[in-house]
Amino acid sequence: MKLKKTMNKKEIQKLMIDLDIKPVSVAKKAKVTRGAISRLLSGDMESKRLKRVMAKMLGKKVSDLWPEAA
């Protein structure tokens, strides 16, 4: 069984750029600070809710971005 590879911060950021979604937009949607989004992307913070918000905005499943979170 092949495990899905977790997208890294750069890959998620590239996807955000490709879709013209700025971290501040995700922060506003999730009602958190821009810093919280940065910490989530860097792996310094875990939040199932923020992962769901970000995945939805990017048109992905949480498991596509963070397989270990599924």
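Quick notes on this one:
- What the chain shows is 71 Å² of accessible area per residue, with the surface traced by a 1.4 Å probe over protein heavy atoms.
- 222 nm mean residue ellipticity, helices alone, for the chain (DSSP H n ≥ 4; -39,500 (n - 2.57); rounded to 500): -16000 deg cm²/dmol
- Summed side-chain charge close to Met45 - residues other than Met45 whose Cβ falls under 12 Å, Lys, Arg +1, Asp, Glu -1: +2
- Listed by chain and number, the lysines placed with their C-alpha closer than 19 angstrom to that of Lys9 are Lys22, Lys48, Lys51, Lys56, Lys60, Lys61; residues fewer than eight positions away on the same chain are left out.
- Average Cα contact separation per residue, the chain, under 8 Å, 6 or more apart, as relative contact order %: 37
- Whole-number D in µm²/s for the chain (Stokes-Einstein; Kirkwood sum over Cα pairs; 20 °C, 1.002 mPa s): 177
- The stretch between Asp64 and Arg34, if pulled fully straight at 0.36 nm per residue, gains 8.6 nm over its current Cα-Cα span.
- Shown for segment 3-69: the carbon plus sulfur share of the solvent-accessible area, taken with all protein chains present and a 1.4 angstrom probe, equals 55%.
The values are calculated or read from the model by the stated rules, or taken from the named source; none is laboratory data. Note that the structure is a prediction, hence the values are computed from the model and not measured. In this analysis, Cβ positions are derived from the backbone assuming ideal geometry, glycine residues included, and neighbour counts consider all displayed protein chains. Note: areas computed on protein heavy atoms with side chains; ligands, DNA, RNA excluded. Shrake-Rupley method; radii C 1.70, N 1.55, O 1.52, S 1.80 Å.
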